Amino acid sequence: MSSIAEMAATRRTAEGRRRWLLKAPALATIVIASVGPLAVMLVYSVMAKGAFGGVALGHFSLDGWTNVFVERDPFDDTLVLADANLIIFWRSIKLALVATLATLLIGFPTAYYIATRPEQVRSQWMLLITIPFWTNLLIRTFAIMGLLSNQGPVNNILIWAGLIDKPMQMLFTDGAVLLGLVYVYLPLMVLPIYASLERMDFNLVEAGYDLYATRSKVLWHIVIPSCKPGLIAGSILVFIPAIGAYVTPRVLGGGKNMMMGNLIELQFGQGRNWPLGAALSICLLVIVTVALIIYIRGSSGKENAHGG
Amino acid sequence: MLALSQPIQPQTADRRLAVQAIGLHKSYGTGASAFLALDDVSIDIAENEFFTLLGPSGCGKTTLLRLIAGFNFPTNGQILLRGKDIAALPPFRRPINTVFQNYALFPHMSVAENIGFGLKMLGWTKSRSVDRVAAMLKLVRMETLADRRTSEISGGQQQRVALARALAPQPEVLLLDEPLSALDYKLRKEMQVELKRLQTETGITFIFVTHDQEEALAMSDRIAVMNRGRVLQVGRPREIYNAPVDRFVADFIGESNILSGRLVGQAAADAHQVRIAGAVATAYGKAGTSGDGTVQVLIRPEHVDVLDSPSSDCIPAVVEDEVFVGTDTRLQLRLNDGSTFTARLTNSPEQEKIRTSGTQVWLRIHSHSARLLGGDHVQHR
Ligand SMILES: Nc1ncnc2c1ncn2[C@@H]1O[C@H](COP(=O)(O)OP(=O)(O)OP(=O)(O)O)[C@@H](O)[C@H]1O
Ligand SMILES: [Mg+2]
C-alpha cells in the first residue's frame, strides 16, 4: 500500500523536476535580463552616493529620490524645486508624444501605399524602408546634424532661394531633436502598420464602397479600425524608445536640450550621483508604464464603444 | 416606386430593363500577357428578375459582377442601369449592392451595425435606420442575434447578415457572387428557398452567380450560361435544359448523352431525320453540319424507354452496368457504334426489372426529345 503512495510521490517529484527544468531557461532569462537589473536599480536608488561614483552599499538614503524633485541650493542650503529635472521630464514626454503622432501621420499613409502595391513591388518597398536600419544610428544622426547646421545644405538652399538672409539656427533646438526622433523611429511605425494592413481583407474595403462609403469614410470606418493592432503596436514601438532616447538629443539637441536619457547618463557619468540616476531610470519606467496603460485602455475602450 | 421620376425606357417584352451590358470586353494585364476575361458580353436583365450567371470556374462570372458593381472598369463596352450609362459612377454612387462570396462582414462591428452600415453612409437618421435594421433582421430571421459580433455566428448566419446588409439600403439591383457555395448541402437548399422568397418579397432585381447548374435551374427566372468569357446562351431554365444551343451548354446543364449521327433527310422545318448507331430518329433544332453530314444529337437520360425486344426505329444497346439511385435506376449502356449512353428509368415497385450486364436492349427515344446541337463548335478565339 505504502509503496504505491511512494511511487506516486516519486513520480510527482520527478515530474515536478522535469517541469522546472523546462521552465528554467525562460526563468533564467527573465531573472537575469529583467527582474535582476530592476532589483539592482531599486536597491541603488535608496543608497547613499559614493564619493567617486557608485553607491555606498549598506548606507541607506532617500537622497536619490528626493533629488529627482528637489535639490539643495548650494548657497543658502534651502530646498528648491529641481525644475531643471522637471523641464527635462516634460520635454521628453512632449517630444516622444509629438514624435509618435508625427510618425503615425507619416507612417500610416506610407504603409497603406505600400500595402496596396502589387505583391512583388511591396517587398522592394519594405526593403527600402528597412535600409536605414543597416546604418549605425550615430552615423545617421550625424548626417542630420550636417544637414541642419548653419553651413549645411538646408540653410544654404533657404539663403539661395532668398527666403532668409542669414543662417537660421536649426541645430540644437527641440525641433532638431524631434526631426531626428521622427526620422529614426519612422520604420518602427511603418512595419507593424504594414503588417496589419497586409493581413486586412481588402474585400472589406470593397464592401465599404459598395455600401455607399466614400474613400474617406472607408478609411475612417473600415481601414483604421481593421489595422488598429498595428497602429497600437507602432505607437508603442516609437514612444518607448523615443522617450528614453539618448543619441538623438545628445547630437541634435546639444548640451542644452537634454532628454531623460541624457539626464540619466549625466548622473552615472560626470554627475557621479548613481542613486539619482537609478531613481530617474525608475521614474522613466513608471512614466512609460503609465502612458502605455492609458493608451491601451483608451484604444480598447473605443473599440468596446464600437461593439455597442 | 421611382417609376414616375424617371424617363420611360425602351421596353423589351413587357418589362423594363434593370441592367444592360452592351458589348462588354474586359482584359486583365496589357500587351502579350493580356488575358481576355470577358469577350463581347451583351445581356439584358429585366427589373424584378432573378437572373443567374452560370458557368465553370474562371469563365468570368465574378469579373462581370465586378464591372456591374463598379469595382473594375470594362476595357470596352457599356453598362446601363435603367437605361443610363453608369461608367462614370464609382461603386458608392451606384444603387447596386453586393453579397460577397466570402461575405466580407466588418469584423469590428456587431450584426446590427453591419446591417446598418450602408444606411449610416447614406445619411439616414438614427431612428429611421434602427427601424430598417430591425425590419431586415426580421426578414432574414436573425432578430435574436443583433448584438453579436460577426465572428460569433455560424456560416449560415453570416450569410444572412451579408444578405440583410446588402438589402437594407434597398438597392435597385442586388449582386450575389456564389453566396451559397460555402454552406453545407442542407443549409444551401434552405437558403435557396429563402433567397427566392427574399427576391419575391423585396421585388429587387437579383443577379446571382453560381457554378451549380441545379441551383441555377431551381432558382432562376433566366439563366446566362457562360464559358471562357463568353455568354453562350440566355434563356429560361426550361429552354436552356431542353434546347441547349451547343455541346457545351448541353453538357454543362443536366446529364446528357451526346451522340454523333448522320443527316439522312428533313422531316419539317426544324426537324431532321438522323441516323444514330444503326437507327433513324427525328431530331429537332438547327442542323449544324460539319461539311461531311455528321451532326451532334443530344438525348437526355430520362428521355428514352428501354425495351427488351426489338422494335422499329429503336437503337440497339447492351447493358454494361445498372445503378440503383433511389427514385431512379441508371443504366450504363453501350451502343453498337461503340459510344456509351446513360439511361435513367423511374423506379416503381410493381415494374421493377433487373437487367444484368450483357443484356441486349433497345432504346426508344421519346418523341420531340432528340435535339440537334449547333455542330461541335468550340469557342473560337
Ligand atoms: N485581377 C486579375 N488579373 C488577371 N486575371 C484575372 C484577374 N481576375 C480574374 N482574372 C482571370 O479572369 C478569368 C475570370 O475570372 P473570374 O474571377 O471572373 O472567374 P469566375 O467565373 O468568377 O470563376 P469562379 O467560379 O472560380 O469564381 C480567370 O481566368 C481569372 O484567372
Ligand atoms: Mg468568381
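The values are calculated or read from the model by the stated rules, or taken from the named source; none is laboratory data. In this text the structure is predicted, and so the values were computed from the model without any measurement. Using ideal geometry, Cβ is built from the backbone for each residue, glycine included, and neighbour counts are taken over all protein chains shown. Calculation scope for accessible area: heavy atoms of the full protein, side chains included, ligands and nucleic acids excluded. Shrake-Rupley method; radii C 1.70, N 1.55, O 1.52, S 1.80 Å.
Quick rundown of the values:
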| item | result |
| --- | --- |
| Qualifying residue in segment A:206-219 (condition: at pLDDT below 95, surrounded by 15 or more Cβ atoms within 10 Å (Cβ to Cβ) and of a type in the set (Phe, Trp, Tyr)) | no |
| Scope segment A:192-205; condition outside any loop (DSSP other than H, G, I, E, B) and surrounded by fewer than 19 Cβ atoms within 10 Å (Cβ to Cβ); matching residues | A:Ala195, A:Glu198, A:Arg199, A:Asn203 |
| Condition met for A:Asp201 (more than 28 Å from A:Ile88 (Cα to Cα), touching a helix residue (DSSP H, G or I) at 6+ places or on another chain (Cβ under 7 Å) and within 14 Å of another protein chain (Cβ to nearest Cβ)) | no |
| The listed residue being under 24 Å from B:Pro95 (Cβ atoms), under 24 Å from the mean Cα position of the chain (by Cα) and crowded, with 21+ Cβ neighbours inside 10 Å, out of B:Ala162, B:Ala168 | B:Ala162 |
| Pick from segment B:45-72, criterion open to solvent by 20 Å² or more (accessible area, probe 1.4 Å), in contact (Cβ under 8 Å) with a residue 40 or more places away in the chain and within 14 Å of another protein chain (Cβ to nearest Cβ), ranking: nearest to ligand 2 (Cβ to nearest atom) | B:Thr62 |
| Residue selected from segment A:240-263 under the condition open to solvent by 20 Å² or more (accessible area, probe 1.4 Å) and of a type in the set (A, V, I, L, M, F, W, C), by the criterion modelled with the lowest pLDDT | A:Met258 |
| Test: residue in segment A:278-300 that is in the same structural domain as A:Asp201 (by TED's automatic domain parsing) and assigned to a loop (DSSP other than H, G, I, E, B) | no |
| Hey, A:Ala115 under 17 Å from A:Leu186 (Cβ atoms) and not polar (S, T, N, Q) or not | yes |
| Enumerated strands (runs of 3 or more DSSP E) restricted to segment B:182-276, each holding at least 2 residues that are within 16 Å of ligand 1 (Cβ to nearest atom) and surrounded by 18 or more Cβ atoms within 10 Å (Cβ to Cβ) | B:205-210, B:222-227, B:230-235 |
| Pick from segment B:92-103, criterion at the interface with chain A (Cβ under 9 Å from one of its Cβ atoms), modelled with pLDDT of 95 or more and closer than 28 Å to B:Arg148 by Cβ, ranking: surrounded by the fewest Cβ atoms within 10 Å (Cβ to Cβ) | B:Phe92 |
| Those residues of segment B:113-135 which are among the aliphatic types (A, V, I, L, M), more than 7 Å from chain A (Cβ to nearest Cβ) and open to solvent by 10 Å² or more (accessible area, probe 1.4 Å), in sequence order | B:Val130, B:Val133, B:Ala134, B:Ala135 |
| Sole exception among (1) closer than 21 Å to B:Glu172 by Cβ; (2) in a helix (DSSP H, G or I) for B:Glu113, by number | (1) |
| Count of segment B:322-352 residues which are in contact (Cβ under 8 Å) with a residue 40 or more places away in the chain, in a loop (DSSP other than H, G, I, E, B) and of a type outside the set (Gly, Ala, Ser) | 2 |
| Inter-residue pairs, beta-carbon under 7 Å, first away from chain A (no Cβ under 14 Å) and in segment B:22-44, second in a helix (DSSP H, G or I) and within 12 Å of ligand 1 (Cβ to nearest atom), 6+ apart | B:Leu24/B:Leu67; B:Lys26/B:Thr63; B:Lys26/B:Leu67; B:Ala37/B:Thr63; B:Leu38/B:Thr63; B:Leu38/B:Leu64; B:Val41/B:Leu64 |
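Okay, residues lined up against (1) within 16 Å of ligand 2 (Cβ to nearest atom); (2) more than 19 Å from B:Arg197 (Cβ to Cβ); (3) in contact (Cβ under 8 Å) with a residue 24 or more places away in the chain; (4) not hydrophobic (A, V, I, L, M, F, W, C):
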residue: B:Leu89; (1), (2), (3), (4): no, yes, no, no
residue: B:Asn102; (1), (2), (3), (4): yes, yes, yes, yes
residue: B:Leu105; (1), (2), (3), (4): no, yes, yes, no
residue: B:Val130; (1), (2), (3), (4): no, yes, no, no
residue: B:Glu143; (1), (2), (3), (4): no, no, no, yes
residue: B:Asp147; (1), (2), (3), (4): no, yes, yes, yes
residue: B:Leu176; (1), (2), (3), (4): yes, no, yes, no
